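Report on the following structure.
All of the numbers you see were taken from the coordinates with simple rules; none came from a lab. These numbers come from a predicted model, not from an experiment. Positions of Cβ are generated from backbone atoms using ideal geometry, with glycine treated the same way; all protein chains shown enter the neighbour counts.
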Amino acid sequence: MTTKPIGVGVIGCGEIAQLMHLPILHELPELEIAALCDLSATMRQGLGEHYGVAARYHDYRDLLADPAVEAVAVCTFDHAPVVEAALAAGKHVLVEKPLAFTPEEARPLVEAAERSALVAMIGYMKLYDPGYVLGLERIAAIGRPKMIQVHDFAGRFDRYQQLYTQLRGADVDPAVIEAGRAAAAARVRAALGPSHAGHHDLYMMLLMLGSHDLAVLRGAFGVAETVSHAQAVGPTHLLAVLGFPGGVPALLEIAFGAQYEWWDEWMSVHGERDEVRIEFQNPYVRNAAALVRLRESAGQGPSERLLPGTPDTAFRRQWQHFAACVRGGAAPRTPLRGGLEDLELAVRIVQAMARREAEA
Ligand SMILES: NC(=O)c1ccc[n+]([C@@H]2O[C@H](COP(=O)([O-])OP(=O)(O)OC[C@H]3O[C@@H](n4cnc5c(N)ncnc54)[C@H](O)[C@@H]3O)[C@@H](O)[C@H]2O)c1
């Protein structure tokens, strides 16, 4: 007996939808693109023709009313209102990170998802990366960690965007986009409060680029208990010291701004004698899993080995897991609650930064 593919409605058909979600949904037999939604008519038409999808919507509420849509991928800029409506409409959800812009917006989404029998996952694809999974096994094998470091200096995105054909619609009124961004910025400023609002850009960087790092840490060590230091090194560069259960310290450094050609993102864990480092690839490169670098003692001297994760695309593994949750009843590895925990930590980091500046 064949199982019917899960009909997915893709809401927001921009860069990440075109580079990863749409081609993967098109390719995997357990899923199919049931409908498309974007503000741009050019994109709805171009992508609809390319993928052979007739159901095309301007308003996501119309897509949610389509009975062929069993699940949605939320790839817009502002996620919370779409996730709320999707859960209310009884659709399974995979929402791109960040879950929302503030913990206050995220909390009711988590509650609604947990009350429902729906699958609701946040798109922390790095947690599905075969190299990350392999790295976690190696970390568990070195015993109690003494020290953790996460370093994420985003390299240039534009080199990798050029690897793919992307459709861009110039038919969306820039005022509509600007109004959406301004409304989100106002919500963020309100959530951060007057004494922290000056760090709006760093907070947004933590949500956009840094939420992956917070998720990777949480996936390995649980929720951070303390933020003992946080510092704005530059307008898009931050340094923080977090404390994990058992008093294990983590040094976190994140920078964004296309300042380097190379993508430099890794998590390193030092045990008593060994070090495990998970080295992530540029997220826009398909079929490139993270590498695991092991530094151990061997006989009388040091040894260094590089273990490649099984080649695969983290986004593809994420969708396979989503299908297994919807059809097979598996528990989501990245439920919405994790997205809320990361937003709460992002706020604590910004608060610690502002506190330190006020004391200086
Ligand atoms: N997992 C990752 O590594 C990763 C990488 C890039 C982006 N993202 C996330 O994906 C999301 C989208 O990023 P992007 O780079 O694709 O942005 P983008 O601007 O290229 O695409 C967003 C698309 O959504 C459409 N849109 C916006 N509001 C809409 C609405 N209300 N209804 C219908 N369509 C709407 C826009 O027209 C646009 O085409 C962001 O939240 C971002 O954080 C994740």
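Things worth noting here:
- Taking amide H as placed 1.01 Å from N in the peptide plane, the amide H of residue 31 sits under 5 Å from that of 6, each at least 5 places away or on another chain.
- Charged side chains reduced to their Cβ positions (Lys and Arg at +1, Asp and Glu at -1) give region 105-196 a dipole of some 400 debye around its Cα centre.
- Size of electric dipole in the chain: Cβ of Lys, Arg +1 and of Asp, Glu -1, about Cα centre, debye, nearest 20: 580
- Of the GluC sites (Glu not before Pro) found in region 184-262, those that fall in a DSSP loop while having at most 16 other beta-carbon atoms within 10 Å are 225, 261.
- Based on C-alpha pairs under 8 angstrom that are at least 6 apart in sequence, region 82-230 has a relative contact order of 29 percent.
- Efficiency of FRET from Cβ geometry, residue 158 and residue 185, R₀ 22 Å, rounded to 0.05: 0.35
- Each Lys and Arg adds +1 at its Cβ and each Asp and Glu adds -1 at its Cβ; summed about the Cα centre, region 145-207 shows a dipole of about 260 debye.
- Whichever lysines have a C-alpha closer than 18 Å to that of residue 91, once near sequence neighbours (fewer than 8 apart) are set aside: 4
- Rough spin-label spacing in nm, given labels placed 7 Å along Cα→Cβ, for residue 77 and residue 262: 3.4
- The mean sequence separation of alpha-carbon pairs under 8 Å and at least six residues apart, normalised by the residue count of the chain, gives a relative contact order of 21 percent.
- Selection from 241, 266, 252 lying farthest towards where the dipole of region 237-279 points positive, charges on Cβ: 241
- Neighbourhood charge, 12 Å Cβ-Cβ cut-off, centred on residue 157 and excluding it, Lys, Arg +1 and Asp, Glu -1: -1
- Whole-percent pair-distance distribution, where bins are 10 Å wide, for the alpha carbons of region 5-128: 14, 49, 32, 5
- Using θ = phi - 60° and Karplus 6.51 cos²θ - 1.76 cosθ + 1.60, couplings along region 147-152 (whole Hz; Gly, Pro as x): 7, 10, 9, 10, 10, 9
- Separation of the residue 166 and residue 272 label points, Cα + 7 Å toward Cβ, nm: 4.9
- Exposure proxy for 126, 4: other Cβ atoms within 10 Å of each Cβ, ordered fewest to most, give 4, 126.
- With a Förster radius of 30 Å applied to the C-beta separation of residue 137 and residue 253, the computed FRET efficiency comes to 0.75.
- Once you divide the Cα radius of gyration of the chain by 2.2 N^0.38 Å, the number left is 1.00.
- Around residue 241: net Lys/Arg minus Asp/Glu count, Cβ-Cβ under 15 Å: +1
- Spin-label pair residue 173/residue 26, simplified geometry with 7 Å Cα→Cβ offset, distance in nm: 3.2
- Centre separation in Å (Cα based) which lies between region 77-132 and region 136-209: 16
- Placing unit charges on each Cβ (+1 for Lys and Arg, -1 for Asp and Glu) gives the chain a dipole about its Cα centre, and among 287, 9, 99 the Cα reaching farthest toward its positive end belongs to 287.
- The gain in end-to-end length when the residue 104 to residue 287 segment is fully stretched comes to 62.3 nm, 0.36 nm per residue minus the alpha carbon separation.
- Under the Karplus curve 6.51 cos²θ - 1.76 cosθ + 1.60, θ = phi - 60°, whole-Hz ³J(HN,Hα) for region 153-160, x wherever Gly or Pro sits: 9, 5, x, 5, 7, 5, 4, 8
- Within the straight-line cut-off of under 19 Å between alpha carbons, the lysines reachable from residue 97 are 126, sequence neighbours fewer than 8 places apart in one chain being disregarded.
- When peptides 171-177, 231-237, 319-325, 5-11 are sorted by average Cβ neighbour count within 10 Å, with the highest value leading, the order is 5-11, 319-325, 231-237, 171-177.
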